[in-house]
1. Which trypsin sites (Lys or Arg not before Pro) does region 279-324 hold that lie in a coil by DSSP with at most 15 other beta carbons within 10 Å?
2. Return the Rg/Rh value of region 191-324, two decimal places, where both radii are evaluated on C-alpha atoms and Rh is the Kirkwood radius.
3. How much of the accessible area of the chain, in percent, comes from carbon and sulfur atoms when a 1.4 Å probe is used?
4. Are there DSSP H segments in the chain that both extend 18 Å or more along their axis (alpha-carbon positions) and score a mean Kyte-Doolittle hydropathy of at least -1.0? List them, or say none.
5. What are the GluC sites (Glu not before Pro) within region 162-225 that DSSP puts in a loop, where the Cβ has at most 13 other Cβ atoms within 10 Å?
6. For region 239-280, how big is Rg over Rh, using alpha carbon atoms and the Kirkwood form of Rh?
7. Computed over the Cα atoms, what is the radius of gyration of region 37-117 divided by 2.2 N^0.38 Å, N being its residue count?
8. Let me have the relative contact order for region 151-221, percent, based on Cα pairs under 8 Å that are six or more residues apart.
Amino acid sequence: MRHFIFEFITGGGLTGQDLPESLLIEAELMLQSLISELRELNIELFVSRDSRLEKLDDNIKQYTVVKNIDKELRGHIKNMDVCWLIAPETEQCLERYAQIFSDSKSVFIGSRVEAIRLSSSKYLTNKILLENTINVVETKKIDQIIPESNTGWIVKPDDGAGAEGAQLMPNKEKLDSFIISQCNNNFITQPYIKGNHMSMSLLVYNGDVCLLGCNKQYVDINEEGVKLERIGVNECLSYKDEMLSLAKEIVLTVSGLAGYIGVDLIEEDGKLFVLEINPRLTTAYAGLSESLGCNVAAKILDTFVFKKLPDINLDSAKSVVVNV
């Protein structure tokens with residue numbers, strides 16, 4: 001089988017632009033983890049690579065990208081059997097490339113374009129989850145009535161990836177000043193909750209879901225920005241029943257999700273609230289295979305080939321730290 005990985009940040013999606021250091025670190029973590037797992041399988045592996053970055057292992061066939069990859073991408077995937085996509089939601093990037101991959105004859109390991117379009121917007125995701133009585137952190141656009149809060153607010157791009165562009169506004173004056181300074185309303189506000197940051201790693205297929213990870217996020221939040229420092233993969237297994245129940249509700253509500261899905265949560269007083277859905281690989285993926293004692297990429301591939309979710313038992317999972 002011929003597999004092609006397109007990781008947007010490292011794979012030539014930003015030719016002609018600066019490579020953002022924070023996103024580059026996380027991108028390399030996810031890419032290297034996926035490559036390592038796929039190399040254990042009997043496949044030919046192809047990867048696109050930004051010319052400014054070091055080449056990968058010689059055993060991997062690489063397309064070096066000097067100019068915009070969009071013109072070459074369809075040619076690269078034309079004769080592939082399976083395609084893997086890792087890209088940010090920003091400016092419809094993930095949606096756009098998912099459409100290209102979905103139009104090809106290869107097996108696309110990812111969600112339907114409609115599900116990506118919805119979950120790429122934190123505001124729309126919040127709205128549909130709330131309408132279906134799923135606990136969420138109240139989310140408003142900056143031109144709407146701001147949620148009440150005694151602890152400040154988090155502002156971030158509606159379609160942002162990771163913590164890029166997120167900031168803490170400790171009081172109403174700073175929040176108002178920020179809103180006035182914006183020339184568009186592509187920012188959302190959420191009350192700042194001093195709870196425990198968590199995430200779920202899910203494998204989703206055909207409306208069903210398998211829980212892969214109950215993760216703890218170590219996040220530094222201040223007025224300068226929001227930074228993910230490390231992840232404790234499967235560090236929050238005591239919440240596995242609550243997380244699986246929540247995951248099932250989410251998958252029933254947002255139709256078309258498939259493959260690996262990350263869901264950011266915050267826990268307050270024992271209750272889980274959804275912050276956002278990431279319809280793509282997330283940084284926690286880098287620690288899953290070690291935590292679960294299995295090849296997670298192989299499990300995902302088998303799900304799409306045999307059209308059935310695997311049996312994953314979290315009882316024997318161990319905690320693994322992924323530093324960012």
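1. 307, 308, 318
2. Answer for region 191-324: 0.96.
3. Heavy-atom surface of the chain belonging to carbon and sulfur, 1.4 Å probe: 46 percent.
4. Helix filter hits for the chain: 21-38, 240-253.
5. Those that pass, being in a loop and sparsely packed, are 223, 224.
6. Rg/Rh: 0.96.
7. Rounded to two decimals, the normalised Rg is 1.14.
8. Relative contact order here is 29 percent.
The values are calculated or read from the model by the stated rules, or taken from the named source; none is laboratory data. Model, not experiment: these values are computed from the prediction. Cβ: placed from backbone, ideal geometry, glycine included. Neighbour counts: every protein chain shown. Keep in mind that these areas ignore ligands, DNA and RNA; they rest on the heavy atoms of the full protein, side chains included. Shrake-Rupley method; radii C 1.70, N 1.55, O 1.52, S 1.80 Å.
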